[in-house]
Amino acid sequence: MGLSLMAPLWGSPRLLLTIALYAALTLHPAKASAPLYQDYCVLGAGPAGLQMAYFLQRAGRDYVVFERTPGPGSFFTRYPRHRKLISINKRYTGRANSEFNLRHDWNSLLSHDPRLLFRHYSQAYFPDASEMVRYLGDFADRLGLHVLYNTTIAHVTLDKDARAWNGHYFILTDQKGQAYQCSVLLVATGLSVPNLVDFPGSEYVEGYESVSVDPKDFEGQNVLILGRGNSAFETAENILGVTNFIHMLSRSRVRLSWATHYVGDLRAINNGLLDTYQLKSLDGLLESDLTDLAIVKDREGKFHITLKFYLEEGNQSADAIALPQDDNDNFAMRVAYDRVIRCLGWNFDFSIFNKSLRLSSGGEFRKKYPLVRPSYESKGSRGLFVLGTASHSVDYRKSAGGFIHGFRYTVRAVHRLLEHRHHGVAWPSTEHPITQLTSSILRRVNEASGLYQMFSVLADVVLVKENAAAFEYLEEFPMQMLAQLEAITGRKARHGLFVINMEYGRNFSGPGKDVFFYDRSVGHTEDAWQSNFLHPVIYYYRHLPTEQEVRFRPADWPLPRPTAIHHIVEDFLTDWTAPLGHILPLRRFLENCLDTDLRSFYAESCFLFALTRQKLPPFCQLGYLRTQGLVGTESLRQHRVERGLLQDYATAGKHREDSGRWPDSHGPGGHPQDPGPLVQPLNSNKEEL
């Protein structure tokens, strides 16, 4: 019956479509649209997210960046609250080398476009944050980066699938319910959740993220600031001249960046309160665990500091609660405060990530940072990488990985890892004859910005080839991943390797260290290992260290104990080009490790070595024996013929026109011959540093 009723309708396409749609909607309810697929998903269009987008785009990869606001760099639209960045913008160095200049440019991202250097956006040494917003906008626009603005990712979870690169896909859902699927997830959301401390009366505290930045609002007030970092001192600096006094309270003591050599500690630009404290101008610093305190509010709206154990449950009146000054009339914080401001830093936002990702840590940084490996990959989910400020647990208080001038290089390292893992592109390297080893290392330690900024974290690796005839040079490899170098880079380390790193002296940096002590610098090469300031250190290993050796390396060592180690003595100008102080000791160290001679020689010296040595130095093997660098005088030509190093063209009928040049300046085969340098007198110095 059903068929007989439907039969007349086959001739009407419109009716047929209506029936088909009705059946589809009633028998098969509508499903959510299929996820949109990208190989790479980047969360956040801040500096780290845009930097990764640049590398992905240059490599021709399939990617998208998700940004919740209408433009990039949303963090800098609000922070720092008082708008002055503490990242230096050094526009002049006296050098034309762009890589060297990046050592002192803490704001630029890496790109091929010279217009996208931050010095074109601000003339200030400490720029305004609005200029960073403008810079990041231009970086994204000029490079045509693929960013989805006004897209808030509300939830991230896993979908196991054996066909996926890492055995699972990452499923991202935005605020409109649209799902996105990707093989690799790159999280560059920074730290965005204010760090809160829960204690009685904490509801009276104003947060750094919302407190007024108008100094007039603090005129004639007593202010207590909770915290001891740059945001706390930045806030104090803004109101220092209008308050009655400012007290600053924190659990830890002040860490000065010039003593710790960590750029995240207190910078000189913000430390005016230290002057007023030590010069006794009413302001002061105090140390206490905030969780032991309580704040009570009196009838006049003033705030009093007390201790938890003085409080009685349900009684929050200052008139009824005992205060510390009742027992100790010399209690430091016995005054009442008009304002209490919280400046305790930021934490990572774990809220959007499903527990299946296992992104949160259980250790020291369980609230502040995600749990990642030294490769910046999550320990809980393969294929999930954390970039930028949120990846700083790898080098917290050790190097610059939490700041633009550091993480622009760690982002590049992650991209190189991904290129090899998923696309078969080996870690970039260059191969050179062994005679160029000394000069290659010197060039990098004198110019490279990645080594300089990410000291003790990223290092160059030199892979020695068979018979020490050549070497392969890899740049900026994560040091703590050294045991996995072959798997990560696609390069082989079978004949030994050198690791080139920058380090401060091990006993020089730290809170309370006197870094201005007399005779703090080391000037003699024999004392290079005692160098205090940032200087190059070269490690030599006969074999690639194992994971166990890296894991159980000596305390305060960035690497396991090497076969040999060399410190290039510190230099006041950070210019390691002194022939006797820097180059000669380095060359001799390399020679001892390789059991070879790395010197450069004039042609006559190579000729004499050929007569007297069984093994020629590599420079002579690569140059002299290939007829490069020797002018043919009659006596030297005859010696070469007798040694079998040169065919006797004279006896073969080749006419010589003079005693100093081959006929018509042509060599064998009629090709022009390079005359090379003039032969030097036998008693001259043939060695070249």
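The values are calculated or read from the model by the stated rules, or taken from the named source; none is laboratory data. Since the model is a prediction, treat every value here as computed from it, not as a measurement. Methodologically, a virtual Cβ is constructed for each residue, glycine included, from the backbone with ideal geometry; neighbour enumeration extends over all protein chains shown. Protein only, heavy atoms only, side chains kept; ligands, DNA and RNA dropped before computing areas. Shrake-Rupley method; radii C 1.70, N 1.55, O 1.52, S 1.80 Å.
Some points to look at:
- Vicinal HN-Hα couplings computed from phi for the stretch 440-447 (Karplus, 6.51 cos²θ - 1.76 cosθ + 1.60; Hz; Gly/Pro x): 5, 5, 5, 4, 5, 5, 8, 10
- Cut-off 17 Å, label 7 Å out along Cα→Cβ of ALA578, residues of the stretch 453-472 by amide N: none
- Accessible solvent surface per residue of the stretch 458-614, calculated while the other protein chains remain in place, 1.4 angstrom probe, Å²: 49 Å²
- Whole-percent carbon and sulfur share, accessible surface of the stretch 428-594, 1.4 Å: 48 percent
- The residues of the stretch 52-173 present an accessible area of 47 Å² per residue when probed at 1.4 Å with all protein chains retained.
- Placing dummy labels 7 Å off each Cα toward the beta-carbon, the span from ARG506 to ASN467 is 3.9 nm.
- Aspartates and glutamates with Cα under 13 Å of LYS302, excluding same-chain neighbours fewer than 8 positions away: ASP319, ASP338
- Take the Cα of TYR37, step 7 Å toward its Cβ, do the same at ARG163, and the gap between the two points is 0.6 nm.
- Spin-label model distance (nm) - ALA487 vs GLN638, 7 Å beyond Cα toward Cβ: 6.6 nm
- The gain in end-to-end length when the SER521 to LYS367 segment is fully stretched comes to 51.5 nm, 0.36 nm per residue minus the alpha carbon separation.
- Pairwise FRET efficiency - GLN548 versus LYS90, Cβ, R0 = 56 Å, nearest 0.05: 0.85
- FRET efficiency estimate (nearest 0.05) - Cβ-Cβ, ARG251 to VAL335, R0 25 angstrom: 0.75
- Cβ-Cβ distance of ASP128 and VAL242, R₀ of 22 Å, FRET efficiency by 1/(1 + (r/R0)^6): the value works out to about 0.50.
- Summarising the amide proton neighbourhood of ARG342: residues at separation of 5 or more, or on other chains, whose placed amide H is nearer than 5 Å comprise GLU206, GLY207, TYR208, LEU226.
- Between LEU282 and GLU209, full extension at 0.36 nm per residue minus the direct alpha carbon distance yields a gain of 23.6 nm.
- Share of carbon and sulfur in the accessible heavy-atom surface of the stretch 202-344 [1.4 Å probe, %]: 45 percent
- To the nearest 10, the accessible area of ARG228 is 20 Å² with a 1.4 Å probe.
- Extension gain from ARG613 to ASP113, taking 0.36 nm per residue of separation minus the Cα-Cα distance: 174.8 nm
- When only alpha carbons are used to place a centre, the stretch 370-431 and the stretch 123-183 end up 17 Å from one another.
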